[in-house]
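To keep things clear, I will list the structure first and then write my remarks on it.
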Amino acid sequence: MRRFLHLLRSNWISWAGAILTTLSFMVFVTSWVYMGMHGSHHSAYAGLFVFVVVPGLFMTGLAMMPVGWFLYRSQMKERLARVQEKPMRLVRLLAVLTLVNFSVVGTGGYEALHYMDSQEFCGTLCHKVMSPTYEAYIDSPHARVACVECHIGSGASWFVKAKISGLRQVLAVMFDSYQKPIPTPVHDLRPARDTCEQCHWPEKFSGDRMVIRRHYENDETSTMSTTALVLKTGGVRPDGKAMGIHWHVHKDNEVTYIATDDRRRDIPWVKFKGKDGKERVFVSEGVDRANPPKGEVRTMDCLDCHNQPSHSFQDPEIALDRAITEGRISRELPFVRKVSIEALRMGWTRDNAGDGIQKHLMDFYRQRGEVTAAQQELVQKASVALTAIWRRNIHPDMAITWGTYPQFQGHVSMDDKPTGCFRCHDGMHEDEEGESISADCGTCHTMLADRDKDPDVLKKFGLEDQ
Ligand code: HEC
Ligand code: HEC
Ligand code: HEC
Ligand code: HEC
Ligand code: HEC
């Protein structure tokens, strides 16, 4: 052993390499044990250091040893001669050390890859870029589903592909050369078949879904109204045939479309192919059926409706109505709906939003007269709720504001353009026989109440007090 050390010290490069390897080995093992004992709730930077930087240093040190020996090979010969070690013993020692090294590199490498798949790495490391996406994610029904379940999935080729594109993204962040906002749809996303359908089987979709929503008016009492509808989510009928909204992803059906813009908002050409192989092509007015327009050709899957399963950005009106329904904003404050929507739509920065929103509300009520202590408390509470909504959705440094990321799951548009279902179901896409993709309100839902102030239907369901 002493002689081996002697060899290592034959030149400064190998010696430095040996020290680096040993130190990083010790740091890696102790931090790994420490993290194991303290659970996985360490910061992303600690993880990056332990699982990426330290193993990197270890490898560098390892590589420096043979490099040193090679560069200073003349001195080596001299020393080897002096060592007079039996060559076999040296080889054995080297073999054992190499084995140890390989197991360390293996574990380190595995941990590094594993770590890079974790939510904390994906979501927080490139903080500024990812924080809007991450904040939306932890507030979503998929908050417990790992990023990689949707963004990579299983299988080696997508894993490698993801690592390569990940590297490109890290570089883009380092050189500040990425696009703001991050453009969607993400065009090279893995098909839903390999990701979503691992957890949600289309064969299982059946039945309807009742949706009840409260809306409020911008009048003095923020008058409540109710919308209730039965969404025909459907999927499979008992006889195995397709029905309802999930008809599009039934195994017998294939809907292909051409989008002529990047965001998939303009869809002038749609083709349906059934189980019998017969095709029907629906086109918007003025589009030549035989001569499809240029654009992205895509077969419909989950993401054409659920485009924001995990990073959904909200509509301010819908988010506000929900906060009032949940009691986070009190209707005891006069005109609270009106003053709140104003506050949400003002141009704050992430630093001044909290104070600004509160001041806007306070000023409004002070102008109306004396504000009691009880009212002040309600204003305070409402400001907290509004600031949370604002911060959840608006990120000026990433150029994300209301409506930047449109949702396709329904048809409520934040601008004048048709969105979601109405990109195809506008009643203007016709097939050869002049039949159109249905825009009939009853195709997708049965309306039980539409902004109704005193809906009978709630009484029928015993829900009128809610
Ligand atoms: C349930 C599946 C799912 C999970 C889990 C998920 N994503 Fe996504 N993500 C998507 C889909 C689908 C899109 C594409 C959205 C589009 O095309 O409009 C997307 C888009 C993105 C985008 C592009 C910009 C944006 O905000 O839409 C980023 C960045 C991103 N995801 C990062 C993450 C990170 C980081 C995590 C984990 C913290 C994560 N994703 C978890 C499905 C998922
Ligand atoms: C690893 C498993 C997993 C994957 C992959 C996954 N999901 Fe989910 N999904 C869940 C879980 C768990 C829930 C929550 C169920 C609940 O709250 O009842 C959920 C809920 C949903 C919901 C219902 C949300 C609501 O508001 O009720 C939709 C829609 C959905 N997922 C779509 C998708 C889409 C689209 C993808 C692919 C991009 C996907 N899921 C990928 C597990 C998964
Ligand atoms: C044509 C549009 C469309 C497509 C395609 C689509 N969905 Fe849906 N899905 C909807 C709508 C609309 C709802 C009801 C949403 C609501 O409650 O507001 C829904 C509801 C759901 C739910 C909630 C549970 C339920 O059954 O009510 C899940 C989970 C889901 N979809 C997953 C998927 C998956 C996975 C795919 C792909 C295999 C998919 N969807 C394809 C439109 C679609
Ligand atoms: C890319 C185009 C496209 C989009 C987007 C789209 N659909 Fe469709 N949808 C079709 C086509 C094509 C048909 C078949 C039309 C026919 O047979 O007349 C269809 C049929 C349907 C049907 C009838 C299924 C049956 O039982 O026969 C329902 C319900 C439906 N869509 C709901 C929705 C909902 C809800 C959305 C939005 C969340 C949506 N669609 C978005 C193209 C689309
Ligand atoms: C192609 C399918 C489809 C057609 C056609 C359709 N809708 Fe809808 N509609 C939906 C879906 C899906 C939702 C639920 C979206 C969501 O969860 O926010 C919805 C939601 C709604 C809502 C509730 C919005 C809210 O939050 O209060 C109203 C109101 C509505 N639709 C009105 C209509 C009317 C009126 C028509 C006929 C002109 C119509 N819809 C045609 C699919 C459709």
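The values are calculated or read from the model by the stated rules, or taken from the named source; none is laboratory data. Keep in mind it's a predicted model, so treat the numbers as computed, not measured. Backbone-built Cβ (ideal geometry, glycine too); neighbour counts: all protein chains shown.
The residue of region 426-443 that is nearest to ligand 2 (Cβ to nearest atom), among those that are in contact with a His (Cβ under 8 Å, 6 or more places away or on another chain) and closer than 21 Å to His306 by Cα, is Thr443.
For region 242-273, the tally of residues that are near ligand 4 (Cβ under 9 Å from one of its atoms) and more than 13 Å from Met300 (Cα to Cα) stands at 3.
Beta carbons closer than 8 Å, at least 6 apart along the sequence or on distinct chains, pair a first residue in region 291-307 that is more than 13 Å from Arg193 (Cα to Cα) and without any contact (Cβ under 8 Å) to a residue 60 or more places away in the chain with a second that is charged (D, E, K, R) and near ligand 4 (Cβ under 10 Å from one of its atoms) for Arg298/Arg264; Arg298/Asp304.
Just one residue in the set Phe461, Phe422 is among the aromatic types (Phe, Trp, Tyr) and more than 30 Å from His311 (Cα to Cα); that residue is Phe461.
Pairs meeting the criteria (first residue in region 211-223 and aromatic (Phe, Trp, Tyr), second residue in a loop (DSSP other than H, G, I, E, B) and away from ligand 3 (no atom under 15 Å from the Cβ), beta carbons under 6 Å, at least 6 apart or on different chains) are Tyr216/Ser222. The single condition among (1) among the charged types (D, E, K, R); (2) under 24 Å from Glu217 (Cα atoms); (3) within 12 Å of ligand 5 (Cβ to nearest atom) that Arg391 does not satisfy is (3).
With respect to Leu333, is the statement that it is over 30 Å from His250 (Cα atoms), part of a loop (DSSP other than H, G, I, E, B) and of a type in the set (A, V, I, L, M) true? When the stated conditions are applied, Leu333 passes them.
Somewhere in region 421-442, is a residue assigned by TED's automatic domain parsing to the domain that holds Arg289, more than 33 Å from the chain's Cα centre (by Cα), closer than 21 Å to Met224 by Cβ and buried (at least 16 other Cβ atoms within 10 Å of the Cβ)? So far as region 421-442 goes, no, none of its residues is assigned by TED's automatic domain parsing to the domain that holds Arg289, more than 33 Å from the chain's Cα centre (by Cα), closer than 21 Å to Met224 by Cβ and buried (at least 16 other Cβ atoms within 10 Å of the Cβ).
Here is a list: Val27, Val54. Which entry is modelled with pLDDT of 80 or more, in contact with a Phe, Trp or Tyr (Cβ under 8 Å, 6 or more places away or on another chain) and surrounded by 13 or more Cβ atoms within 10 Å (Cβ to Cβ)? Write out each step before concluding.
On the way: Val27 fails: in contact with a Phe, Trp or Tyr (Cβ under 8 Å, 6 or more places away or on another chain).
Residue meeting the stated conditions: Val54.
Kindly indicate whether Gln198 is more than 24 Å from Trp247 (Cα to Cα), more than 16 Å from ligand 5 (Cβ to nearest atom) and either of a type outside the set (Gly, Ala, Ser) or touching a strand residue (DSSP E or B) at 6+ places or on another chain (Cβ under 9 Å) (or both). Break it down stepwise before answering.
Working: more than 24 Å from Trp247 (Cα to Cα): no; more than 16 Å from ligand 5 (Cβ to nearest atom): yes; either of a type outside the set (Gly, Ala, Ser) or touching a strand residue (DSSP E or B) at 6+ places or on another chain (Cβ under 9 Å) (or both): yes.
Considered against the rule, which asks whether it is more than 24 Å from Trp247 (Cα to Cα), more than 16 Å from ligand 5 (Cβ to nearest atom) and either of a type outside the set (Gly, Ala, Ser) or touching a strand residue (DSSP E or B) at 6+ places or on another chain (Cβ under 9 Å) (or both), Gln198 comes out as no.
Residue selection: Asp208 satisfies the criterion of being touching a residue at least 24 places away in the same chain (Cβ under 8 Å), surrounded by 13 or more Cβ atoms within 10 Å (Cβ to Cβ) and more than 21 Å from Ser157 (Cα to Cα). State whether one or more residues within region 449-466 are aromatic (Phe, Trp, Tyr), within 16 Å of ligand 3 (Cβ to nearest atom) and outside any strand (DSSP E or B). Taking every residue of region 449-466 in turn, none turns out to be aromatic (Phe, Trp, Tyr), within 16 Å of ligand 3 (Cβ to nearest atom) and outside any strand (DSSP E or B).
Quick check: is even one residue across region 181-190 over 17 Å from the mean Cα position of the chain (by Cα), among the charged types (D, E, K, R) and not assigned by TED's automatic domain parsing to the domain that holds Arg451?
From region 181-190, those over 17 Å from the mean Cα position of the chain (by Cα) are none; that's our starting set.
The answer is no; no qualifying residue exists.
All of Gly327, Gly286 fail the test of being farther than 22 Å from His395 by Cβ, assigned to a loop (DSSP other than H, G, I, E, B) and not assigned by TED's automatic domain parsing to the domain that holds Asp416, apart from Gly327.
Is there a residue in region 412-428 that is assigned to a helix (DSSP H, G or I), in contact (Cβ under 8 Å) with a residue 60 or more places away in the chain and of a type in the set (Gly, Ala, Ser)?
Restricting attention to region 412-428, the residues satisfying the condition of being assigned to a helix (DSSP H, G or I) are 420-423.
From what's left, in contact (Cβ under 8 Å) with a residue 60 or more places away in the chain: 420-421, 423.
So of that shortlist, the ones also of a type in the set (Gly, Ala, Ser) come out as 420.
Checked region 412-428: at least one residue is assigned to a helix (DSSP H, G or I), in contact (Cβ under 8 Å) with a residue 60 or more places away in the chain and of a type in the set (Gly, Ala, Ser).
Against the list (1) modelled with pLDDT under 95; (2) on the phi < 0 side of the Ramachandran plot; (3) within 16 Å of ligand 5 (Cβ to nearest atom), the condition Gly403 fails is (2). Hey, does region 370-377 have a residue that's part of a helix (DSSP H, G or I), within 28 Å of Asp139 (Cβ to Cβ) and more than 16 Å from ligand 2 (Cβ to nearest atom)? Yes, region 370-377 contains at least one residue that is part of a helix (DSSP H, G or I), within 28 Å of Asp139 (Cβ to Cβ) and more than 16 Å from ligand 2 (Cβ to nearest atom).
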